[in-house]
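*Asks:* Shown below is the structure under consideration.
The values are calculated or read from the model by the stated rules, or taken from the named source; none is laboratory data. On a predicted model such as this, the values are computed, not experimentally measured, just so you know. Glycine gets a Cβ as well: all are built from the backbone with ideal geometry, and neighbour counts include every protein chain shown.
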Amino acid sequence: LPDEAQMRADIEQLRQEKNAVILAHNYQRPEVQVIADFVGDSLGLSRQAARTDAEVIVFAGVHFMAETAAILNPHKTVLLPDLRAGCSLADTVTAQGVRDWKASNPGGLVVTYVNTTADVKAESDYCCTSGNAVQVVQSLPQDVPVLFAPDRFLAAHVIRETGRAMDVWDGACHVHEAIRPEDVQSQQAAYPDAELLIHPECGCSSRILSAIPELQLYSTEGMIHRAQASAAQEFIVVTETGMVTRLQHDVPGKTFIPVSRTACCEYMKMITLGNILESLQNLQPRVTVPEEIRTRALLPIERMLAIG
Ligand code: 13P
Ligand code: SF4
């Protein structure tokens with residue numbers, strides 16, 4: 001196996017030869033974040049995918065993210081270095097499930113989290129990310145029922161922030177759902193001066209917020225801005241552990257403590273320097289979306305990109 005430095009050099013050469021851009025989510029492995037052209041949250045990555053001039057997009061993330069890039073760029077080559085990189089949250093809802101839900105709630109507007117398949121997006125009126133879910137729901141007409149899928153913890157956060165009743169799908173991410181209030185409390189006991197940075201997908205968020213109602217929740221990119229702006233020197237990072245890498249890189253001099261070492265998304269970690277290199281060599285595996293689904297999924301994504 002070539003060593004890491006050689007793999008990095010080969011990736012760099014192929015990136016130029018193939019006019020490729022590497023987009024990486026904040027939960028990616030440290031060595032992947034280092035070689036990416038852009039590292040960010042779901043909203044930032046979608047925005048980068050919408051504006052890139054590159055002919056090839058290598059998505060260092062999970063399948064729904066690469067699909068979103070393919071929906072926005074039908075004429076570009078979108079690569080996902082390991083097609084098994086899925087998402088337990090996206091798996092909780094199907095297009096047929098949304099169709100049945102709409103049929104029993106006529107006139108409702110469907111807002112789906114970007115962590116969904118292209119088929120589900122094609123059934124949606126709006127998409128949102130954790131970075132703009134509150135603003136998306138605030139932008140909707142007041143007199144219409146809102147159907148929000150699939151993350152019930154993010155939905156609870158949106159309901160709390162907007163005061164708006166919504167019909168909520170019963171989905172969750174296995175990584176964030178497993179983070180318990182006790183995990184947060186034991187880190188708080190060990191680091192009493194640390195500020196909490198909590199992602200709204202977390203299963204612990206509702207109980208922590210009932211104890212500290214003024215606490216803010218942050219998308220992964222929101223955590224960067226908060227850590228930069230805050231007077232605190234230490235932070236307990238209540239989300240997937242990869243986020244600590246990004247925070248340490250962007251906010252040097254402050255200390256970031258993962259809430260739990262086991263809060264690790266195995267799908268995100270399937271992307272490696274090795275399979276990024278192979279995907280650039282072979283221009284495979286590609287992610288494509290059938291045109292009939294793509295055109296219907298594009299509108300809710302464009303609405304998402306316009307808000308927040
Ligand atoms: P954000 O990075 O948009 O906050 O999303 C978190 C996540 O779980 C992505 O899969
Ligand atoms: Fe999906 Fe959860 Fe992994 Fe994000 S952390 S990709 S929501 S399984």
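*Asks:* Given the structure, is G86 crowded, with 16+ Cβ neighbours inside 10 Å, under 19 Å from N275 (Cβ atoms) and within 16 Å of ligand 2 (Cβ to nearest atom)?
*Replies:* Taking the combined requirement at face value, the residue satisfies it.
*Asks:* Does N105 fit the bill of being within 12 Å of ligand 1 (Cβ to nearest atom) and not assigned by TED's automatic domain parsing to the domain that holds Q281? First the steps, then the outcome.
*Replies:* Numbers: within 12 Å of ligand 1 (Cβ to nearest atom): no; not assigned by TED's automatic domain parsing to the domain that holds Q281: yes.
Spelling it out, it is not the case that N105 is within 12 Å of ligand 1 (Cβ to nearest atom) and not assigned by TED's automatic domain parsing to the domain that holds Q281.
*Asks:* Here is a follow-up. Which of (1) away from ligand 1 (no atom under 16 Å from the Cβ); (2) surrounded by fewer than 20 Cβ atoms within 10 Å (Cβ to Cβ); (3) farther than 16 Å from A118 by Cα does A20 not meet, given it meets every other one?
*Replies:* (2)
*Asks:* Name the residue that is nearest to the chain's Cα centre (by Cα), counting only residues in segment 47-63 that are within 16 Å of ligand 1 (Cβ to nearest atom) and surrounded by fewer than 24 Cβ atoms within 10 Å (Cβ to Cβ).
*Replies:* So the first thing to find is which residues in segment 47-63 are within 16 Å of ligand 1 (Cβ to nearest atom), and the list is 47-50, 59-63.
From what is left, the residues that are surrounded by fewer than 24 Cβ atoms within 10 Å (Cβ to Cβ) are 47-48, 50, 63.
Numbers: R47: 13, Q48: 14, A50: 16, H63: 11 Å.
Among residues in segment 47-63 that are within 16 Å of ligand 1 (Cβ to nearest atom) and surrounded by fewer than 24 Cβ atoms within 10 Å (Cβ to Cβ), the one nearest to the chain's Cα centre (by Cα) is H63.
*Asks:* Taking the residues in segment 190-240 that are away from ligand 1 (no atom under 16 Å from the Cβ), of a type outside the set (K, R) and part of a helix (DSSP H, G or I) as candidates, determine which candidate is nearest to T255 (Cα to Cα). Show your work before the answer.
*Replies:* Residues of segment 190-240 away from ligand 1 (no atom under 16 Å from the Cβ): 190-195, 206-215, 228-234, 236.
From what's left, of a type outside the set (K, R): 190-195, 206, 208-215, 228-234, 236.
Filter once more, so that each one left must be part of a helix (DSSP H, G or I): 190, 206, 208-211, 228-229.
Working: A190: 13, S206: 25, I208: 22, L209: 23, S210: 26, A211: 24, Q228: 12, A229: 14 Å.
Within segment 190-240, the match that is nearest to T255 (Cα to Cα) is Q228.
*Asks:* Take segment 257-284 and flag every residue that is out of contact with any Asp or Glu (no Cβ under 7 Å at 6 or more places or on another chain), within 16 Å of ligand 1 (Cβ to nearest atom) and assigned to a loop (DSSP other than H, G, I, E, B).
*Replies:* If the condition is that a residue be out of contact with any Asp or Glu (no Cβ under 7 Å at 6 or more places or on another chain), within 16 Å of ligand 1 (Cβ to nearest atom) and assigned to a loop (DSSP other than H, G, I, E, B), then T262, E266, Y267 are the ones that fit.
*Asks:* Return the only residue of I271, I198 being under 27 Å from E161 (Cα atoms) and of a type outside the set (D, E, K, R). Don't jump to the end; show me each part of the working.
*Replies:* Values: I271 fails: under 27 Å from E161 (Cα atoms).
Residue meeting the stated conditions: I198.
*Asks:* Also, quick follow-up: State all residues of segment 163-189 that are within 21 Å of the chain's Cα centre (by Cα) and assigned to a helix (DSSP H, G or I); if no residue qualifies, say none. Working first, answer last.
*Replies:* Of segment 163-189, the ones within 21 Å of the chain's Cα centre (by Cα) are 168-180.
The answer is H174, V175, H176, E177.
*Asks:* Check D100 against each of (1) over 21 Å from P290 (Cα atoms); (2) buried (at least 19 other Cβ atoms within 10 Å of the Cβ); (3) of a type in the set (D, E, K, R) and name the one condition it does not meet.
*Replies:* (2)
*Asks:* When segment 174-198 is examined, which residues are found to be surrounded by 20 or more Cβ atoms within 10 Å (Cβ to Cβ), closer than 17 Å to S88 by Cα and touching a Gly at 6+ places or on another chain (Cβ under 9 Å)?
*Replies:* Scanning segment 174-198 gives H176, I179.
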